[in-house]
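Below you'll find the structure, written out as structure tokens, and then a few comments.
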Amino acid sequence: MLTILVINSKGGSGKTTLTTNLASYYASKKIRTAIMDYDPQGSSIQWLRVRPDDAEKIHGANAAPVKGAVPLRSLHAWVPADTEVMIIDAPAGAKGLLLQELVRKSNFIVIPVAPSPIDIHATADFIKELFLFGGARTSKAKIAVVANRVRSSSSSIYVLLERFLNSLKLPFLTSIRDSDNYLHAVEKGLGVFEMDEAATVAERRELMPILKWLNGHFPNKFGSRIEDKTQSLEGSRKFAAFRMGTQNITTLSATGRFKNYP
Ligand SMILES: Nc1ncnc2c1ncn2[C@@H]1O[C@H](COP(=O)(O)OP(=O)(O)O)[C@@H](O)[C@H]1O
Ligand SMILES: [Mg+2]
């Protein structure tokens with residue numbers, strides 16, 4: 001079983017949106033898929049509840065801590081033994097032992113980031129936590145970041161994140177736009193890959209780099225192996241706009257946040 005952790009310490013960054021869309025993609029490809037929802041808000045489990053009966057089955061596991069029984073997990077935090085892909089929807093603010101547990105379980109870690117300076121600073125701090133205390137430094141999990149809820153006015157904000165990720169050699173896979181289709185998908189218990197193709201061309205295209213990055217590490221399972229052609233933002237033309245007007249911006253790495261990080 002391969003486990004993909006979708007995590008960011010910030011609420012509202014798009015963890016559940018990414019979790020449900022990745023899960024629906026794999027399920028629609030007839031891959032036995034499970035979601036493990038660690039968030040007490042249970043948004044992924046709620047999404048599964050409204051999922052149509054004729055959609056491909058996705059197993060839902062509720063791993064949110066039970067009130068009054070911390071640190072015991074719910075008995076529902078079980079996934080079938082034949083699960084091929086498990087996607088973990090992390091709660092906001094995961095740190096300490098919980099963060100270590102999540103990282104330990106994972107083969108891939110995807111970090112969605114919303115385009116606000118506050119979110120970007122919080123994400124930089126979270127990545128630091130992930131490496132210094134979450135076990136990511138010794139874990140074999142592959143880590144990547146995606147921009148979420150991007151509007152045309154958002155681009156220059158990511159310059160900060162771009163430089164920070166570059167300094168850590170973490171790939172920035174794609175920008176997911178702010179789109180009503182993600183809201184329609186949630187309402188229907190579907191992912192954009194299960195909706196009308198013509199109406200979701202842009203969403204499918206922007207999620208593809210994440211799937212390619214993941215598939216590149218799934219030899220034999222999804223047909224031919226796709227090489228990981230991920231480029232860092234710095235080297236990527238598609239993010240050229242993000243670099244406009246950057247001269248006066250102090251990078252996160254230059255602020256000393258990660259001064260001692262190799
Ligand atoms: N790309 C997007 N376009 C439009 N709405 C989005 C997008 N990503 C997330 N949302 C909406 O923003 C809110 C927060 O997203 P969510 O995935 O629940 O974040 P998290 O799980 O990190 O708290 C939700 O209402 C969700 O439907
Ligand atoms: Mg959520």
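Can you give the charge dipole size of segment 66-213 about its Cα centre, rounded to the nearest 20 debye, using +1 on the beta carbon of Lys and Arg and -1 on the beta carbon of Asp and Glu?
680 debye
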Highest average packing first - 141-148, 203-210, Cβ atoms within 10 Å: 141-148, 203-210
task: Please work out how much length the chain gains when fully extended from Asp125 to Leu98, using 0.36 nm per residue of separation minus the C-alpha to C-alpha distance, in nm with one decimal.
output: 8.0 nm
task: Note down the nm distance, to one decimal, between modelled labels 7 Å out along Cα→Cβ at Asp53 and at Ser152.
output: 4.5 nm
- prompt: If the cut-off is a Cα-Cα distance under 13 Å, which aspartates and glutamates reach Lys212, setting aside same-chain residues fewer than 8 apart in sequence?
  reply: Glu227, Asp228
- line: FRET efficiency for Ala81 and Asn181 from the Cβ-Cβ distance with R0 = 25 Å, rounded to 0.05, comes out at 0.15
task: Sticking with the crude label model, points 7 Å out along Cα→Cβ, report the distance from Lys212 to Glu197 in nm, one decimal please.
output: 1.9 nm
- line: Neighbours of Gly93 by Cβ distance under 11 Å: Lys/Arg at +1, Asp/Glu at -1, summed charge 0
field: Selection from Gly14, His76, Leu99, by position along the positive dipole direction of segment 1-147 (Cβ)
entry: Leu99
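Any read-out appearing in this document is the output of simple, stated calculations on the displayed coordinates, not a laboratory observation. Since this is a predicted model, take the numbers as computed values, not measurements. Ideal geometry is used to build each Cβ from the backbone, glycine not excepted, and the neighbour counts take in all protein chains shown.
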